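Report on the structure given below.
The values are calculated or read from the model by the stated rules, or taken from the named source; none is laboratory data. Keep in mind it's a predicted model, so treat the numbers as computed, not measured. Here the Cβ is made from the backbone with ideal geometry for all residues, glycine too, and neighbour counts use every protein chain on show. For accessibility, only protein heavy atoms count, side chains too; no ligands or nucleic acids. Shrake-Rupley method; radii C 1.70, N 1.55, O 1.52, S 1.80 Å.
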Amino acid sequence: MSTTTSEALSETTLLRFATAGSVDDGKSTLVGRLLHDSKSVLTDQLEAVERASASRGQEGPDLALLTDGLRAEREQGITIDVAYRYFATAKRRFILADTPGHVQYTRNMVTGASTAELTVILIDARNGVVEQTRRHAALAALLRVPHVVLAVNKMDLVDYKESVFAAIAEEFTAYALELGVPEVTAIPISALAGDNVVEPSANMDWYGGPTVLEHLETVPVTHDLSHCHARLPVQFVIRPQTAEHPDYRGYAGQIAAGSFRVGEAVTVLPSGHASKIAAIDLLGEPVDIAWTTQSVTVLLEDDIDISRGDLIVPSKDAPPTTQDIEATVCHVADAPLTVGHRVLLKHGTRTVKAIVKDIPSRLTLDDLSLHPHPGQLVANDIGRVKIRTAEPLPVDSYADSRRTGSFILIDPNDGTTLTAGMVGESFASPEPVKDAAEDDGWDF
Amino acid sequence: MTTTVAAVTEGTQAPYALSHLDSLESEAVHIFREVAGEFERPVILFSGGKDSIVMLHLALKAFAPAAVPFTLLHVDTGHNFPEVLEYRDRTVAEHGLRLHVASVQDYIDRGVLKERPDGTRNPLQTLPLTEKIQAEKFDAVFGGGRRDEEKARAKERVFSLRDEFSQWDPRRQRPELWNLYNGRHAPGEHVRVFPLSNWTELDVWQYIAREGIELPEIYFAHEREVFQRAGMWLTAGEWGGPKESETVEKRLVRYRTVGDMSCTGAVDSDAVTLEQVITEIAASRLTERGATRADDKMSEAAMEDRKREGYF
């Protein structure tokens with residue numbers, strides 16, 4: 001890394017990924033190994049870890065101390081919250097959402113996976129696919145994380161046997177594909193010994209695939225935007241009202257999906273007003289076309305009433321607006337979510353009043369079974385909800401757009417973030433889905 | 001549409017891929033605009049250090065061609081580098097901004113705060129900062145903090161709720177999902193906002209180079225009278241250094257961070273251009289804070305403890 005030029009460094013792309021694993025799967029060791037072997041741990045950080053480890057009477061440096069940053073975490077030896085880590089190679093920059101494998105795993109993994117392009121799911125090779133693995137796979141499918149890596153860890157403890165790895169990889173891949181996970185890459189590793197994490201393993205010459213880091217460096221982070229519905233949530237109206245720009249009126253926002261170009265016919269939702277894009281400013285520079293996730297300012301040909309919370313979409317591809325939203329949610333707050341709960345719903349840049357009309361079912365992630373009409377969802381529960389909003393919202397299905405198909409529920413009294421929501425079908429099942437009109441049924 | 005796209009993206013590795021700097025810039029701009037859209041009285045903490053300079057640059061781009069809809073706040077420890085104060089005032093004037101100053105020296109003069117025996121004023125910033133936030137009723141306070149700086153900061157949200165005493169409670173943080181930032185707060189509470197959360201020190205420098213952003217001179221190698229304390233080169237000055245046992249020498253140094261003179265160390269360096277600084281940082285085996293901040297070495301949880309009290 002130290003020999004790369006600054007020019008090469010600034011041309012790299014960014015990959016956001018998350019890790020999932022239970023307490024003894026070796027997740028901290030994997031993260032520590034990735035950071036350490038990619039030379040992202042600097043001398044003073046390592047010295048601090050060595051000092052702290054020695055003062056606890058530990059023999060070697062405990063790499064978990066690199067990631068457990070809070071007093072309570074160090075005191076209890078646990079991780080209590082998602083932490084974000086940063087490292088880089090010559091090819092790419094990485095943002096790692098390091099999610100703890102403890103009791104609150106569901107909301108933490110949902111938090112980490114919501115912005116991730118890739119999830120690494122760890123398995124202990126000695127134990128194979130266990131309940132926790134299925135839970136992680138289900139969450140990756142639910143959050144529609146585009147790439148899943150299955151890291152079969154502790155291969156050193158099963159004599160680096162190909163047959164052990166092959167059986168686990170096959171079982172997991174079949175299960176994940178059934179859930180609709182689009183892509184699984186299985187890698188046999190030993191995080192402790194360093195096999196196939198950063199350096200290829202000399203102990204598993206039967207494995208011809210990439211190391212974890214190689215895969216992270218090369219997995220595509222772009223999408224085919226020609227199939228995406230273009231969406232621009234308006235964040236802020238820019239009106240300088242200066243002598244130089246007396247009539248400038250620009251709609252600023254980050255493109256949530258697809259692309260927009262100058263001259264395109266657009267519609268503003270929920271009002272339904274139509275116009276054409278007169279110009280696009282990319283942070284001060286005029287451009288002909290802009291795409292997700294660029295922050296832009298769009299100017300329209302007609303003077304129409306647009307404000308924060310509106311959504312600009314291509315006229316030929318406008319989503320329906322609705323006041324009745326059905327979604328799969330993960331409840332992230334300690335207080336339960338109940339039928340009749342009055343909440344605020346933030347979707348894109350719009351926050352509206354809403355009421356929880358029904359909670360048709362709760363999902364058990366372990367076996368994907370359904371508990372009908374649970375009455376409430378408590379922390380870490382995943383469930384199906386029906387929500388009525390005070391104003392119509394232009395929502396997409398989460399399957400079509402992770403940005404405009406997602407929302408959060410907020411407690412209007414104290415502002416607590418209650419629930420993470422994904423509109424539409426729960427899992428990207430390859431099977432045809434049943435009619436969602438059935439009140440008491442899950443539609444996957 | 002496809003033909004236009006092909007033409008625009010020709011030559012880049014993958015169509016529609018943003019470079020990591022473009023991704024980080026776009027995300028930071030989104031954060032600034034969310035705050036502008038949802039808060040009544042936001043303010044940007046501006047010290048004249050590189051992170052706050054990048055923050056201001058991003059804010060200028062986010063609202064162009066309109067003015068930045070935020071005021072600035074400097075917590076003045078009274079131990080500033082003169083070049084940095086000069087830069088601060090020039091920048092404020094150039095962009096027609098309004099600057100609030102919270103002065104540690106005032107608090108010491110009034111007897112509200114007491115000078116520490118070690119002369120370090122960094123921990124003394126918290127009270128003037130939090131009282132200013134309350135007095136001016138700021139409801140969103142932008143800070144240039146980055147999660148790569150320190151492990152307590154790695155746990156920090158982009159939107160971080162503070163109670164009426166400005167306290168941070170890591171156990172009561174709101175989960176942050178997708179890019180749906182939750183800025184709800186009760187009267188008296190405020191939200192600390194970190195648009196550079198996902199940037200690293202190297203990203204900041206690469207961005208400064210790409211955008212051609214001017215910095216205070218002390219970030220580049222220059223000859224300076226310094227003395228050694230706790231393994232760091234500190235600038236001799238009226239703030240109380242050097243002590244009798246410490247000897248002053250002239251060295252070629254530069255600063256990786258800018259803060260209170262009493263606890264911000266210089267590093268030996270001959271990097272006089274941005275390119276040389278970037279090369280130096282890419283090769284460095286020390287973190288920014290590990291190399292230059294005395295206050296973080298006080299204890300394993302020094303940063304967390306100060307953050308809990310209201311520090312950034």
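Some observations on this one:
- Note on exposure: A:411, B:118 ranked by accessible area (1.4 Å probe, complete protein assembly) read B:118, A:411, with the most exposed listed first.
- In this label model, residue A:317 and residue A:357 are separated by 2.9 nm, measuring between points 7 Å along each Cα→Cβ vector.
- Length gained when the stretch residue A:227-residue A:249 is fully extended (0.36 nm per residue, less Cα-Cα span): 4.9 nm
- In sequence order, calculated HN-Hα J values of the range A:86-99 (Karplus, 6.51, -1.76, 1.60; Hz; x Gly/Pro): 10, 8, 9, 10, 5, 8, 7, 9, 10, 10, 9, 8, 8, 9
- Per residue value of the accessible surface for the protein assembly as shown (all protein chains in place, 1.4 Å probe), Å²: 39 Å²
- Rounded to the nearest 10 Å², the accessible area of residue A:183 at probe 1.4 Å: 70 Å²
- Computed accessible area, residue A:228, all protein chains, 1.4 angstrom probe, square angstrom: 50 Å²
- Calculated FRET efficiency for the pair residue A:242/residue A:378, C-beta based, R₀ 56 Å, to 0.05: 0.60
- Here the dipole of the range A:177-286 is about 820 debye; that uses its Cα centre as origin and unit charges on the Cβ of Lys and Arg (positive) and Asp and Glu (negative).
- Contour excess over end-to-end distance, with Cα ends at residue A:177 and residue A:47 and 0.36 nm allotted per residue: 42.4 nm
- Computed over the range A:131-249: relative contact order in percent, which uses C-alpha pairs under 8 Å that are six or more apart: 21 percent
- Listed residues A:195, B:268 arranged by accessible area, highest first, probe 1.4 Å: B:268, A:195
- Reachable lysines from residue B:114, criterion Cα separation under 28 angstrom, eight or more residues apart if same chain: B:132, B:137, B:243, B:297, B:307
- For the range A:283-426, the tally of Lys pairs with Cα-Cα distances below 21 Å comes to 4, considering only residues 8 or more apart or on different chains.
- Restricting the range A:224-276 to trypsin sites (Lys or Arg not before Pro) in coil, as DSSP defines it, with at most 16 other Cβ within 10 Å: A:249
- With the cut-off at under 12 Å, measuring from each backbone N in the range A:122-145 to a point 7 Å along the Cα-to-Cβ line of residue A:157 picks out A:123-128.
- Entry note, chain B: relative contact order of 19 percent, from Cα contacts under 8 Å with a spacing of 6+ residues.
- Annotation for the B:A interface, with buried accessible surface near 6900 Å², both sides summed [1.4 Å probe; non-protein components not counted].
- Overall form of the protein assembly as shown per C-alpha gyration tensor (a/c, 1.5; a/b vs b/c): oblate
- Check: the range B:168-278 dipole with +1 on Lys, Arg Cβ and -1 on Asp, Glu Cβ, in debye: 580 debye
- Helix-only [θ]222 nm of the protein assembly as shown, DSSP H runs n ≥ 4, -39500 (n - 2.57) each, per residue, nearest 500: -7500 deg cm²/dmol
- At the listed q of 0.10, 0.14 Å⁻¹, the Debye profile of chain B, built from one uniform point per Cα, gives log10 I(q)/I(0) equal to -0.58, -1.15.
- Carbon and sulfur %, accessible surface of chain B computed with the full protein complex present, 1.4 Å: 49 percent
- Computed extension gain for residue B:136 through residue B:268, at 0.36 nm per residue and net of the alpha carbon distance, reaches 43.4 nm.
- Residue of A:402, A:350, A:144 that the Gaussian network model of chain A assigns the largest fluctuation, springs spanning Cα pairs under 10 Å: A:350
- In this simple spin-label approximation, residue A:304 and residue B:275 carry label points 7 Å from Cα along the Cα→Cβ vector, and these lie 5.0 nm apart.
- Percent of C-alpha pairs per 10 Å bin, chain A, short to long: 4, 19, 26, 25, 17, 7, 1, 0
- Heavy-atom accessible area with a 1.4 Å probe sorts A:98, B:163, largest first, into B:163, A:98.
- Measuring nothing but how far apart in sequence close Cα pairs (under 8 Å, 6+ apart) lie, relative to its length, chain A scores a relative contact order of 12 percent.
- Taking a ≥ b ≥ c as the square roots of the eigenvalues of the alpha carbon gyration tensor, the range B:75-196 is prolate, as a/c is not under 1.5 and a/b beats b/c.
- Straight Cα distances below 16 angstrom link residue A:91 to the lysines A:39, with same-chain residues fewer than 8 positions distant left out.
- Chain B - share of DSSP beta bridges that are antiparallel (%, nearest 5): 60 percent
- Only Lys, Arg (+1) and Asp, Glu (-1) charged, at Cβ; the protein assembly as shown dipole about Cα centre in debye: 1220 debye
- For the segment B:209-215, counting C-beta atoms of other chains within 10 Å of every residue's C-beta and taking the mean gives 1.
- Spherically averaged projected area in nm², based on the convex hull that wraps the Cα atoms of the range A:139-245: 11.5 nm²
- Residue B:253 - accessible surface, heavy atoms, 1.4 Å probe, Å² rounded to 10: 0 Å²
- Modelled this way, with points 7 Å down the Cα-to-C-beta line, the labels at residue B:213 and residue A:338 are 4.9 nm from one another.
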